[in-house]
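Asker: My questions all concern the structure below.
Values in this text are rule-based calculations from the coordinates and carry no lab data. Computed from a predicted model, the values in this text were never measured in an experiment. Here the Cβ positions follow ideal geometry from the backbone for every residue, glycine too, while neighbour counts run over all protein chains shown.
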Amino acid sequence: MAAVSKRGRGRKALNAVTENDVNISAGNTEISEKDTIAAILSPSKAKNAKSKKKVEASTETSAPAFVDELEKLQAQLQQLQIEKSKTEEMLKEKDEILKKKDEEQEKLQAELKKLQRVKEFKPTVSFPLVKSLVEKEQEGKDKKKKNNKSTLKKPCPAYALWLKDQWTEIKQENPEVDFKEISNSLAAKWKGISAEEKKPYEDKYQEEKEAYLQVVGKEKREIEAMKLLEEDQMQKTAMELLEQYLKYKQEADDLCKKKSRKEKDPLKPKQPMSAFFIFSNERRATLLAENKNVVEVAKITGEEWKAMSEKKKAPYEEIARKQKEEYKQQMEIYNQKKLEETAALEKEEEEQKKLLKQEALQLLKKKEKTENIIKKTKENRQKKKQKEESDPNKPKKPASSFILFSKETRKQLQEERPDTANSTINALITVKWKELSEEEKQKWNTKAAEGMAEYKKEMEEYNKSKPSTSN
């Protein structure tokens, strides 16, 4: 049995090889002869080699998918970068807008502060009383119109007065009669009445009319007078208001022109507290701990200080005296420093002035020097010129082409236009010279060149003869 088992074990090792052989036949892996020998000798190594090859096969199959995923990720990354750049630009724009808004707010606050410094315009003008009276009267009239209780009635005509009398008589005789029924007959009756009978009614109407017109005329005159007075007072108030506004504006401008209040010097020593303030500061902490408000604390400390005896006040007064002495000493030091600073500033200013003066003097010297040089050069030139002019043997410089042309044309123009001024003739000469062609100008250029050649020869002879004459 033992022998059989041993054989079985040997078969198992061969079975591993046969499996490999099966894989080779299937075409899954290609194993060389060396690999088969290695598989027979060590089955574990053969298994590892198989697993490695499987991994390689799986990587080969998954490689294109991985490339696609990588490309997708790169595209997403590029998109994210674009979005990031856009968001950064948007944030920058927002920051700029916010900065602009902050600047505008600061400007507005500065203007608001300026306006707050300037006092408000509060006119002291009392508006005319006439206007208020007229308004009240108009209100009263409007109320009366609404209530239909007008005190002044228009006068009734003569026919209406007669009609009233007739209607009262008819009403007494026949109370049930209707006015519409008899109105036509009364109108016809009025037409048939004589002038004598109508006269009392017409006289009454005229009297009432005159009285009414007098009242109405008086009211109209009063209204016109009140309007004139109102206009006059309004003009006066307007002038007064204008004067006040101009005065206010001037004050406001002066206030704006004034320098803003100087800031307190942080180095300046603080003023010492009085004995009462030292005591109140000592008591404040305990009173505030008792939930007393500021007003109550001030009241209590004031009452306590008044009630205190001189003996109790003495230590606080001693502290206040010492603080005062310290303050005086500190102020002396501070004032001394200020004096030193002002003296140093004045010294700097003096030195600056000296430097400026020195620079100014140096500039002046340079200017004088240049002026002297210019003066000397001018003098030398004049002397030289005088010497040259004094020598009659020295040849004269020849005329240029333009001067030769101008001499000839001037003669022609003066003959043609004897009354024309020199300035116009000069202008005409320059115009004609510009209008000349190059060939025409060449004639004058050759003449000028010939003159210059002769001048050079004469100058050479003159220069040669000059030293011999001087000897």
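Asker: Once phi is turned into θ = phi - 60°, what whole-Hz ³J(HN,Hα) does the Karplus curve with 6.51, -1.76 and 1.60 give for every residue of the range 306-314, x standing for Gly and Pro?
Answerer: Once rounded to whole Hz, the list reads 5, 6, 5, 7, 5, 5, 6, 6, 3.
Asker: Something else now. Within the set of other residues whose C-beta is less than 13 Å from the C-beta of LYS94, count the net charge using Lys and Arg as +1 and Asp and Glu as -1.
Answerer: Net charge in that neighbourhood comes out at -1.
Asker: A follow-up question, please. In the structure displayed, which of LYS353/LYS375; LYS313/LYS338; LYS299/LYS328; LYS397/LYS464; LYS153/LYS189 lie more than 29 Å apart, Cα to Cα?
Answerer: Pairs exceeding 29 Å: LYS353/LYS375; LYS313/LYS338; LYS299/LYS328.
Asker: Among the listed pairs LYS378/LYS441; LYS354/LYS376; LYS396/LYS447; LYS101/LYS268, which have their C-alpha atoms separated by more than 27 angstrom in this model?
Answerer: LYS378/LYS441; LYS354/LYS376; LYS101/LYS268
Asker: Grab the other residues whose beta carbon is less than 12 angstrom from that of ARG284, score K and R as +1, D and E as -1, and report the net.
Answerer: Neighbourhood net charge equals -2.
Asker: With a sphere of radius 14 Å drawn around the Cβ of GLU104, what net charge do the other residues whose Cβ falls strictly inside it have (Lys, Arg +1; Asp, Glu -1)?
Answerer: Once all neighbours under 14 Å are counted, the net charge is -1.
Asker: How many angstrom separate the Cα center of the range 273-298 from the Cα center of the range 165-205?
Answerer: Comparing the Cα centres of the range 273-298 and the range 165-205, I get a distance of 101 Å.
Asker: Follow-up question, since we're still on this one. What ³J(HN,Hα) values, in whole Hz, does the Karplus curve 6.51 cos²θ - 1.76 cosθ + 1.60 give for the range 368-382 when θ = phi - 60°, with x put for Gly and Pro?
Answerer: Along the range 368-382, the couplings run 4, 4, 5, 4, 5, 4, 4, 4, 5, 4, 4, 4, 4, 5, 5 Hz.
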